[in-house]
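Written below as structure tokens is the structure these notes are about.
Computed from the coordinates by the stated procedures, all read-outs in this text should not be read as laboratory data. The shown structure was predicted, so the numbers you read here are calculated from the model rather than taken from an experiment. For neighbour counting, all protein chains shown are included, and Cβ atoms are generated from backbone atoms with ideal geometry for every residue, glycine included.
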Amino acid sequence: MENQLIAVAPCGATKLNSWAGTASGEGCFFVRLRESSSYQMGYNVLLKFQITQHIRDSLLLKKIIDYLECGYFREIVKNNEGKFEVESLKDVIEKIIPFFNKYPRVKQKDFLDFKQVAELMKSNAHKTPKGSLPAAQEGEIQKIKSGMNKGRKE
């Protein structure tokens, strides 16, 4: 199924707050560390925000793409689900984080961790050679990631 351009009516704050609520139930903030010797820190950091819905709600996900002007829609046929996903650091920083700062119904602890990693990435802390950061900052992204989502102990 290809992405289709969808005419979107102007959204009021109630509708946007509802999308934030959908993200709270069906959304997820991911921080992925991929080992790689081609990066100075020994790994690549990837951020991803996604909302998963039944495929019958794909129009909602596509409207979110249109409203936020970022991300993409992916259909998973075998699971009857659709996904709205954002992986661009620029879009995470400029669109996803401001949206959830304004509509904070989302999984707040994971959002704050995700936001902290995005800020570290924005300052290029994830590209700093190992051993050149103060000891308190060394491994900060890994520490934050390990406490997110299912790894959270609270």
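Using alpha carbon centroids, what distance separates segment 106-120 and segment 49-105, in Å?
16
Taking neighbour counts of Cβ atoms within 10 Å as a proxy for exposure, in what order, fewest first, do Glu69, Glu140 appear? Mind showing how you got there, number by number?
Working: Glu69 9, Glu140 16.
Taking fewest neighbouring Cβ atoms as first place, the list is Glu69, Glu140.
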